[in-house]
Amino acid sequence: MENGGIVAGKTVYLETMGCQMNVLDSELVLGQLRTLGYQPTEDAANADVALINTCSVRDHAEQKALSHMGALKKPKARRPDMVVGVIGCMAERDPDGILRNMPHVDFLCGPGELNKIPAMIDEVLDTRAQLVALSENKSRRSSLLSRALEHDSVEALDLSRAAGLPGRVLQAYVRIQRGCDKFCSFCVVPFTRGAERCRPPAQIVDETKLLADRGAKEVTLLGQTVNSYAYPDNGRRIGLADLLERVNAVEGLERIRFVTSYPGDFPDDVLAAMRDLPKVCEYLHIPVQSGSDAVLARMNRRYTVGQYVELLGRAREIVPGITLASDFIVGFCGETDAEFGASYELVERMRFKHIFCFKYSPRPMTVADKRSPDDVPQEVKRERNVTLLKLQERISREQNQSLIGQTVEVLVEGYSKAAVKARAAVHDCERPVGWRRPDQLVGRTRTDRIVVFSGGERHIGTLRSVHVQSATALTLFGELIEEGTGNEARISPPVAGPSTDRTR
Ligand code: SF4
């Protein structure tokens, strides 16, 4: 690199797929590259460095990643100096397959090795060698190994990124844990992200303070199974509840969330923390995956449906007003109509705020893939997926409509997607159909409901009250209440615009 590691006028394109963990990893990678002088660009074909941050959780995500990689073949042939990197879970899971099928890829980097990316780019430019940095025993073909930083030094990047973020930060992810030890039979995460490692609480709090200093009002603590967070501290075990208490004390922060929770060992002290700590939001995402004990056993989930139901009952009892969300897999190996019916009944009974529902797809390396046939036909999986989502849509709509007439507190996140598009449009014909309100804002309640209303720039980043006037399954529409006037003057007419729900 020029100027002692600083590059000038170079651009980096980064495509992110998959979960919040990947979103955070991408932010981290961009932060590193930005401090070295790279400018982010949306133009993959003309970028100096093009990176794909991949996800291996489902076959569909891998196919999409392959298609993104393939799209870089021509630009790379046209501009051989371009550096193409594939990072994340797929790089870790199938390095040989990627290198065999995508010879234009310059380097592969697993999720635990992201700190090496700047040096890898440097080395590719110097040597034009194809490089691979994976978890220790898989790394090869790179002199970077001799420069390998100590295990999990990526954590230090987590910390430094808070200072390197551009502009004001409103919401941020903070990693508290990496990897997973649960080995659910369908899941590739323990193979791609390794064993569970928890970050020191002091580092998490320091990062949160830096983010709050940069304007963050909300942080989401991230891990694969956050409720198993544990860190030794002077002979004492710091668990998630203790950590929440420490993060709650960070000044300037308004809200704290945490994902994802595992139902098997969820302690009551975390529920008590949700009740007692004012910044911890009353929202729990806790994937069950199936409503059938037999399927849960085949999935190697270490709890029963009864234990799950009992836990959710306790959560509702201890944390007033809590909303609950879950994940389901349909069409897992051998899933019968009756077993799927049990999932349907569970959704009906638990009245989640929302669910994510996935059609099972076998992942290489997993126990399910090795030992159980993927024997539920695609069409049946599709039908079950649609059936479950339809049921949940009705429940979500009913829940949201029950809030009509109420006033909810929202953290105003910014302009809605449609408003951003409308504001960017030069001609009326480019605006979204039916669009009339370029001042449409979007915010979120503590219970994770999306709220859309009219407002202005000054509202963004603040907590506001919104009077709910209508609702769909995904979105509440309302009217902002201007506070502090002594008279609660309403500042905008009712909003009727396109839904602006965002995927999480
Ligand atoms: S708990 Fe199970 S599903 Fe979740 S990351 Fe770990 S192995 Fe995968």
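Brief remarks follow.
- Summed over the stretch 180-236, residues that are of a type outside the set (Ser, Thr, Tyr), buried (at least 21 other Cβ atoms within 10 Å of the Cβ), outside any strand (DSSP E or B) and within 16 Å of the ligand (Cβ to nearest atom) total 11.
- First in the stretch 174-199 and free of Cβ contacts under 8 Å to residues at least 12 places away in the same chain and assigned by TED's automatic domain parsing to the domain that holds residue 135, second anywhere and within 7 Å of the ligand (Cβ to nearest atom) and among the β-branched types (Val, Ile, Thr), Cβ under 9 Å, 6 or more apart: none
- Checking 338, 315, 342, 297 one by one, the residue that is of a type outside the set (D, E, K, R) and either within 15 Å of the ligand (Cβ to nearest atom) or not assigned by TED's automatic domain parsing to the domain that holds residue 381 (or both) is 297 and no other.
- Test result for residue 303, touching a Gly at 6+ places or on another chain (Cβ under 7 Å), within 16 Å of the ligand (Cβ to nearest atom) and in contact (Cβ under 8 Å) with a residue 24 or more places away in the chain: yes
- Conditions (1) within 24 Å of the chain's Cα centre (by Cα); (2) in contact (Cβ under 8 Å) with a residue 24 or more places away in the chain: number failed by residue 406: (1)
- Residue 247 vs. criteria modelled with pLDDT of 95 or more, touching a strand residue (DSSP E or B) at 6+ places or on another chain (Cβ under 6 Å) and not in a loop (DSSP other than H, G, I, E, B): yes
- Pair list, Cβ under 7 Å, 6 or more apart: the stretch 446-472 residue under 13 Å from residue 400 (Cβ atoms) and touching a residue at least 60 places away in the same chain (Cβ under 8 Å), other residue surrounded by fewer than 17 Cβ atoms within 10 Å (Cβ to Cβ) and among the polar types (S, T, N, Q): 468/406; 471/401; 472/499
- Residue, nearest to the chain's Cα centre (by Cα), within the stretch 256-275, restricted to residues that are away from the ligand (no atom under 16 Å from the Cβ) and crowded, with 20+ Cβ neighbours inside 10 Å: 257
- Qualifying residue in the stretch 278-289 (condition: under 27 Å from residue 385 (Cα atoms), away from the ligand (no atom under 16 Å from the Cβ) and either in contact (Cβ under 8 Å) with a residue 60 or more places away in the chain or surrounded by 22 or more Cβ atoms within 10 Å (Cβ to Cβ) (or both)): yes
- Across the stretch 386-408, a minimum of one residue is classified as at pLDDT 95 or above, in a loop (DSSP other than H, G, I, E, B) and surrounded by 14 or more Cβ atoms within 10 Å (Cβ to Cβ).
The values are calculated or read from the model by the stated rules, or taken from the named source; none is laboratory data. Note that this is a predicted model, so its numbers are computed, not measured. Reconstructed Cβ throughout: ideal geometry from the backbone, glycine too, with neighbour counts over all protein chains shown.
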